[in-house]
């Protein structure tokens, strides 16, 4: 009962903070609108800076000219002529400016912004800051591994993935991160691999990744994760309460896979999925477009509705509609590879899923091929 009571209290606090933040935002918008109108009214009554205007060469200077021309000149010694008769007198303005009139300073003092209600009342300022915390943002103090977003630039049949991550790890806390750009011909895409990283002691829970293969042997990995700020670690309860943003990490396989095997000491299983190249192309482009969207408009990570599994399945179903129907095994990430096997989406010669899973384990191959250039090919030699 204490757990549900805490959830209820947190929900009520979130609702109150959301209402307060919304009301505060509306009030600040009205105050800013009024201030803008006041500034605009004051600017309308400022004297003209005559140095900004020139007389048009095609027209002679005269004591009177239409205001719409906005070309004031200094009054000459010739006698003034009255404005011509007609209906335009109400929009005619004299051009003569007294010689004693001084021009406004070239750099007038800047107007100070009026204080908002939140600036005047500390408790409202706290509410405004809390409201910002409940909005997803790309502007936080991120951990080194999540500091840079990966995006894509499309140019006809080619795509350039910016900031592909390549980290070298000494431990989970000590590592160096580098980034490089990679350009791919979309006609050369061939394969999609499912990468399962089950958690130690929790066989039904896992982190799910993927990797796209190309005709020239290159692989680019995709890990859809909760984005961490400095000092943060994954917490399922916090993830369910919108405490992490969502990030699409396009990474070098030597980074992504060795982080799981060498640093986190987890098993890694790689399965080749049974999709045609044109279907994989649609999935890859869809994932890149999703990464671009998150770079412009961030979203919260959620373990049930916006996670590594839900987004990967969405990309797969984009390439082949209804290839992976939703079910209880899409909610439990550790069961996804068995579900794919039962759907006949896994390419393997193994007669049972148990044998297919054992063949897909690559830990010993990762240790053997390490940082070699043909790392991706080496760890896949026993895939079938």
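In a fully extended conformation the segment linking residue 331 and residue 229 would gain 34.1 nm over its present Cα-Cα distance, using 0.36 nm per residue. For the stretch 135-190, the Stokes-Einstein estimate of translational diffusion at 4 °C and a viscosity of 1.567 mPa s comes to 97 µm²/s, using the Kirkwood hydrodynamic radius over alpha-carbon pairs.
Calculate the FRET efficiency for residue 170 and residue 32 from the Cβ-Cβ distance with a Förster distance of 41 Å, rounded to the nearest 0.05. Efficiency at R0 = 41 Å is approximately 0.25.
If you take the alpha carbon atoms of the stretch 270-317 and fit the smallest convex hull around them, that volume is 88 Å³ per residue.
As a calculated quantity, the FRET efficiency between residue 377 and residue 354 at R0 = 30 Å, using C-beta atoms, amounts to about 0.70. If you plug the beta carbon distance of residue 243 and residue 155 into 1/(1 + (r/R0)^6) with R0 = 35 Å, you get a FRET efficiency near 0.40. What fraction of the Cα pairs in the stretch 209-315, stated in percent, has a spacing above 20 angstrom? In whole percent, the share of Cα-Cα pairs in the stretch 209-315 beyond 20 Å is 45. For the stretch 207-249, the residues whose backbone nitrogen is under 13 Å from a point 7 Å from the Cα of residue 134, taken along Cα to Cβ, are 241-243. Extension gain, residue 11 to residue 182: 0.36 nm times the residue separation minus the Cα-Cα distance gives 57.1 nm. Label positions at residue 364 and residue 317, each projected 7 Å from the Cα along the C-beta direction, are separated by 3.9 nm.
None of the figures in this text is laboratory data; all of them are computed from the coordinates on show. Just so it is clear, the structure is predicted and the values come from calculations on it, not from any experiment. Ideal geometry is used to build each Cβ from the backbone, glycine not excepted, and the neighbour counts take in all protein chains shown.
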